[in-house]
Amino acid sequence: MVFQTIIELKSFAIRVMHKIVRNQICVRALLVFAAFVITVLLYAVGLFDGLELKSYDFRFKVRGSSPAKDSNIVLVTIDDQTFSSLKLKWPFPRAYFARAIENLAAAGAAAIVLDVEFTEPSSIDPFDDLSLQHAIARFPRVVLAGKMVAEYGSHQTLNRYPLKPLRPLLEAGARWGYANVYLDSDGFIRRYNLFQKLNERFYYPLAVETLCLIQNMPIKNVTIANDGSLTVGKFSISNYEFDTMLINYIGPARSFPT
């Protein structure tokens, strides 16, 4: 009788333990599932985006600056001193840019990139555009800036199209690339768009067009892999996300000779 009671108690204890273990497994499974759902929701609302951006910034701070002292890239900037010296309002006469092209070409520039949009005729006079056209014709190793436009028209339809520099400037021999920039959620620029596809045609930014020019290769020779990475002559550019590359900043402003 006592032995039977002990067996029953043991069996009861085993059942209770099994139930407790099953309950613990269920609780743990529920906790894991809840954590997964919460994580997905936090990613969906972009809560972790800021952490990743700050991590990227921190890595640059740890690395420190790496000024391009021996770089063959020279920046000719339009700054406050420019406005003070010229005593002119923007936009400057295009004859000024024509003279800049002539001077840089005479100084031995291999390529000239104008990050200025000449998408509309000059408001000064037609000869203003003509002077720029003639300068480009004499030194056609010039890349001009345009942009990729995305705007809503009537009936809330999204219209996308390239806004190119003036045709006479392109016919004179200049290349062009879009100068659109893309901000991260905190308003800073950490990525550079590699290409855009519109109506079965690929368009490229200023940097890619310039990379082609300095290698004397046509833009049509750029290849795009299935993962979105680019091959531009001897250079390979990885696609970070959404057809962009991460910018490897070498340092603060004026890190390049200016």
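So the values come out like this:
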{"quantity": "Extended-chain gain in nm, criterion 0.36 nm per residue less alpha-carbon gap, Leu246 and Ala68", "calculated": "62.2 nm"}
{"quantity": "Sorted peptide list for 203-213, 235-245, criterion being average Cβ within 10 angstrom, highest first", "calculated": "203-213, 235-245"}
{"quantity": "Relative packing of peptides 145-153, 219-227 - highest average C-beta neighbours within 10 Å first", "calculated": "145-153, 219-227"}
{"quantity": "Cα gyration tensor shape for segment 142-239, rounded if a/c is under 1.5, else prolate or oblate", "calculated": "oblate"}
{"quantity": "In range of the label at Lys197: residues from segment 222-258 whose backbone nitrogen is under 14 Å from the point 7 Å along Cα→Cβ", "calculated": "223-230, 242-244"}
{"quantity": "Lys, Arg +1 and Asp, Glu -1 on Cβ, resulting dipole of segment 91-174 about Cα centre, debye, nearest 20", "calculated": "240 debye"}
{"quantity": "Among 129-139, 191-201, 164-174, 82-92, the order from most to least packed when residues are scored by Cβ within 10 Å on average", "calculated": "129-139, 164-174, 191-201, 82-92"}
{"quantity": "Dipole-positive endmost among Leu246, Leu211, Ile224 within segment 189-258 (Cβ charges, Cα centre)", "calculated": "Leu211"}
{"quantity": "Modelled FRET efficiency - R0 41 Å, Arg138 with Phe188, Cβ distances, 0.05 increments", "calculated": "0.55"}
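Coordinate-derived values only; no laboratory data. No experiment lies behind these values; they were computed from the predicted model shown. Quick reminder, even Gly has a Cβ in these numbers, built from the backbone with ideal geometry, and neighbours come from all protein chains shown.
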